[in-house]
Amino acid sequence: MKILVLNSGSSSLKFQLFELPDLTVIASGLIERIGGEYSSVRLTFCDSAGAEQVIKKNMVVPEHRPAIAIMSELLLESGAMANVQELAGIGHRVVHGGEFFHEPTLIDRAVMEAIEELVPLAPLHNPANLIGIRVAMEHAPTVPQVAVFDTAFHQSIPEHGYLYALPYTLYEQHKVRRYGFHGTSHDYVAKQAAEHLGMVLGELNIISLHLGNGASAAAIQGGQCIDTSMGLTPLEGLIMGTRSGDLDPAILFYLARETGMTIDELDDMLNKKSGLKGICGENDMRTITELAEQGNHQARLALTMFCYRLKKYIGAYIAALGGVDCIVFTGGIGENSAIVRQLSCQGLERLGIGLDVENNAFRQEGILEVQGADSPVKILVVPTDEELEIATQTLQVIQNL
Ligand code: ADP
């Protein structure tokens with residue numbers, strides 16, 4: 001039997017097929033630029049002789065519904081899946097679970113209505129996730145479907161951590177509060193870190209740093225998240241590829257009054273034209289690092305600001321946790337950028353954080369320890385695997401049916 005995981009983004013569909021009982025990956029696919037002039041479609045799978053094969057196509061995929069039909073055809077055509085009866089379950093990544101969902105949940109009509117109700121909080125993502133769920137249900141009506149929410153892991157944050165210092169009625173009437181995102185990744189890497197260290201997750205204080213195009217930090221006490229840097233939306237917190245992260249909210253009133261910028265223009269600026277891109281014109285950390293090495297001032301500034309913001313969050317979360325045992329770097333930047341890890345840990349020796357520059361520069365598959373021999377705090381690089389975590393959580397739900 002198999003588990004299929006669907007991760008529908010606003011213009012992409014990522015999917016992975018796992019074989020039970022060990023959740024071995026047998027096929028992975030990605031359809032990008034859905035709704036664009038041409039979409040790229042890619043499936044990697046193992047043929048019957050165990051050799052890796054790749055199918056690549058460029059085709060018109062106007063929306064998510066045909067994208068899922070294409071996924072289904074590819075899985076059948078490649079032989080990765082013989083028919084939908086082979087599926088023990090389908091796991092869906094759902095971005096926003098609001099306050100309704102604290103854990104992976106078997107999908108029924110009420111769950112779909114709740115996800116729909118949350119569309120205003122995630123207007124780009126929840127509708128795509130819902131289409132994925134609806135179409136998967138049409139294709140495989142007898143297969144149990146499970147929703148795994150990006151926000152669920154952060155539902156353990158206490159009231160004093162998730163509320164904003166705004167009129168309380170905004171929380172009561174409009175649910176304005178911190179929700180946090182990247183929960184599946186923070187949850188996964190924290191468990192991986194504990195396992196790697198041979199320690200009990202329940203006894204560890206972990207700061208998890210998920211650094212990709214979007215970036216967030218989480219303070220995890222005994223496996224429970226007690227704070228995270230993203231807020232009502234994924235705009236708050238760390239500096240990101242194109243998002244500003246934290247800023248003085250009065251900047252927006254000032255700009256609106258001084259320049260006449262509209263709410264939509266301000267929204268676009270903060271989400272798409274700020275962050276690393278705003279500072280140096282580039283949002284890819286590889287390019288920025290190269291430019292910084294060549295002496296480009298703005299690229300160096302962007303890198304320094306990115307790491308300084310990270311360092312401030314590490315400090316804040318050490319205080320929130322009352323001490324830290326392990327710092328975990330993950331995501332495209334966290335896993336690959338030695339310079340970001342080095343700069344964000346630099347000068348924290350008095351807090352017990354000592355990164356070893358040589359260990360840090362070393363590259364290997366899997367988990368890497370980069371702290372120095374005399375650093376009481378472990379510093380780990382842990383590759384994230386959100387699809388595997390969704391498959392694992394889906395399996396747990398269906399095993400309890
Ligand atoms: P997403 O949030 O879209 O899933 P990823 O987790 O793939 O993104 O991270 C994308 C980021 O990772 C980009 O800024 C990219 O430059 C960065 N990245 C990938 N590889 C490297 C590398 N070798 N060195 C530095 N940054 C890297």
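What the table below lists for this structure:
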{"quantity": "Qualifying positions in segment 304-333 - among the basic types (Lys, Arg) and touching a residue at least 60 places away in the same chain (Cβ under 8 Å)", "calculated": "Arg309"}
{"quantity": "Sole residue being more than 10 Å from the ligand (Cβ to nearest atom), at pLDDT 95 or above, surrounded by fewer than 20 Cβ atoms within 10 Å (Cβ to Cβ) and in a helix (DSSP H, G or I), chosen from Gly323, Gly295, Gly278", "calculated": "Gly278"}
{"quantity": "Residue list for segment 80-121, restricted to those being farther than 30 Å from Ala49 by Cβ, open to solvent by 50 Å² or more (accessible area, probe 1.4 Å) and part of a loop (DSSP other than H, G, I, E, B)", "calculated": "Glu99, Phe100, His102, Glu103, Asp108"}
{"quantity": "Conditions (1) farther than 19 Å from Leu204 by Cβ; (2) more than 16 Å from the ligand (Cβ to nearest atom): number failed by Arg363", "calculated": "(2)"}
{"quantity": "Residues within segment 339-359 that are within 13 Å of the ligand (Cβ to nearest atom) and free of Cβ contacts under 8 Å to residues at least 24 places away in the same chain, tallied", "calculated": "1"}
{"quantity": "Residues of segment 134-156 that turn out to be in contact (Cβ under 8 Å) with a residue 60 or more places away in the chain, outside any loop (DSSP other than H, G, I, E, B) and in contact with a helix residue (DSSP H, G or I) (Cβ under 7 Å, 6 or more places away or on another chain), as a count", "calculated": "7"}
{"quantity": "Of all residues in segment 372-392 being polar (S, T, N, Q) and open to solvent by 20 Å² or more (accessible area, probe 1.4 Å), the one that is farthest from the ligand (Cβ to nearest atom)", "calculated": "Thr392"}
{"quantity": "Single residue of Leu247, Leu270, Leu238, Leu209 found to be away from the ligand (no atom under 16 Å from the Cβ), open to solvent by less than 60 Å² (accessible area, probe 1.4 Å) and at pLDDT 95 or above", "calculated": "Leu270"}
{"quantity": "Qualifying residues in segment 326-352 (those that are open to solvent by 10 Å² or more (accessible area, probe 1.4 Å) and under 20 Å from Gly183 (Cα atoms)) - the one nearest to the chain's Cα centre (by Cα)", "calculated": "Gly332"}
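The values are calculated or read from the model by the stated rules, or taken from the named source; none is laboratory data. Remember, it's a predicted structure, so these values are computed and weren't measured experimentally. As a convention, Cβ positions derive from the backbone with ideal geometry for all residues, glycine included, and neighbour counts pool all protein chains shown. These accessible areas exclude ligands, DNA and RNA; they are computed on the full protein's heavy atoms, side chains included. Shrake-Rupley method; radii C 1.70, N 1.55, O 1.52, S 1.80 Å.
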